[in-house]
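Okay, structure first, notes after.
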Amino acid sequence: MRKNLKIPRILKINWVKDLSISVVFNNGESRIIDFPGLLKSLNLIDSPANMLLEPEAISQVKLVDNTLSWNNIGQYITLKGGEKKKVPFEIGADVLFRFSKPEKSEILIKIGRMIKEIRLKSGLTQQELALKSGTTRTYISRIENEKSDIELGTLKKIIETGLGKKIEIQIK
């Protein structure tokens, strides 16, 4: 039987600032790519990629075929007949994923802080909240310390069952 390969793909560019880009991968994670660190790790400083050390050049990024692409950076490939063809500079999404770091979500930070604040006001330990809401103390700790994502159903259990509060979600 063939093993299912989970190949990272980029679904969206969130932002470009200075020499970093935030993207959303197909696993739902927002991650930050630091290009000076990436190029150094890949030993690409002395290549056409060194243009990515200039904010103006990096800002011209486009999302093409689920990876990042730059038409402004000259890269040539040699075709079968020896003819050279200019192509956009790209780095595979798998490499970008490997050398990127998770981006902390503002909403997850707020949720973690809110849960901790309400738990403490209620006089509950993490263990007591975990038992009341059907999760684990470790999971409660990870949420409160911004180390874990949280599913909507689990959030509802923690807030409504564990803390005895109502949850409202608003989309603006």
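The values are calculated or read from the model by the stated rules, or taken from the named source; none is laboratory data. Computed from a predicted model, the values in this text were never measured in an experiment. Neighbour counts are summed over all protein chains in view; Cβ atoms, including those assigned to glycine, are modelled from backbone coordinates with ideal geometry.
Checked against the criteria, Ser20 does not count as of a type in the set (Gly, Ala, Ser), without any contact (Cβ under 8 Å) to a residue 24 or more places away in the chain, buried (at least 16 other Cβ atoms within 10 Å of the Cβ) and touching a Pro at 6+ places or on another chain (Cβ under 8 Å).
Mind listing whichever residues of region 89-123 are more than 25 Å from Gly28 (Cβ to Cβ) and crowded, with 16+ Cβ neighbours inside 10 Å?
Within region 89-123, the first condition is being more than 25 Å from Gly28 (Cβ to Cβ), and the residues that meet it are 89, 117-123.
Matches in region 89-123: Phe89, Ile118, Arg119.
Note on region 137-172: among residues that are part of a helix (DSSP H, G or I) and β-branched (Val, Ile, Thr), the one that is nearest to the chain's Cα centre (by Cα) is Ile143. Would you be able to say whether some residue in region 69-84 is within 18 Å of Ser100 (Cβ to Cβ) and out of contact with any His (no Cβ under 6 Å at 6 or more places or on another chain)? Within region 69-84, one or more residues are within 18 Å of Ser100 (Cβ to Cβ) and out of contact with any His (no Cβ under 6 Å at 6 or more places or on another chain). Among (1) outside any loop (DSSP other than H, G, I, E, B); (2) under 30 Å from Trp15 (Cα atoms), there is one condition Ile118 misses while meeting the rest; what is its number? With (1) outside any loop (DSSP other than H, G, I, E, B); (2) under 30 Å from Trp15 (Cα atoms) applied to Ile118, the lone miss is (2). Residues that are touching a Leu at 6+ places or on another chain (Cβ under 8 Å), part of a helix (DSSP H, G or I) and in contact (Cβ under 8 Å) with a residue 40 or more places away in the chain within region 38-92 comprise Leu38, Ala49, Ile58, listed in sequence order. Could you go through region 124-134 and let me know if any residue there is at pLDDT below 90 and loosely packed, with under 13 Cβ neighbours inside 10 Å. Within region 124-134, none of the residues are at pLDDT below 90 and loosely packed, with under 13 Cβ neighbours inside 10 Å.
Right, Ser41: assigned by TED's automatic domain parsing to the domain that holds Asp18 and surrounded by 13 or more Cβ atoms within 10 Å (Cβ to Cβ) or not?
Against the criterion (assigned by TED's automatic domain parsing to the domain that holds Asp18 and surrounded by 13 or more Cβ atoms within 10 Å (Cβ to Cβ)), Ser41 does not qualify.
Pairs linking a residue in region 136-149 that is under 16 Å from Glu29 (Cβ atoms) to a residue that is part of a helix (DSSP H, G or I), with Cβ atoms under 8 Å and 6 or more positions apart or on different chains, are Glu146/Leu108; Glu146/Ile109; Glu146/Gly112; Lys147/Ser141; Ser148/Tyr139; Ser148/Arg142; Asp149/Leu108.
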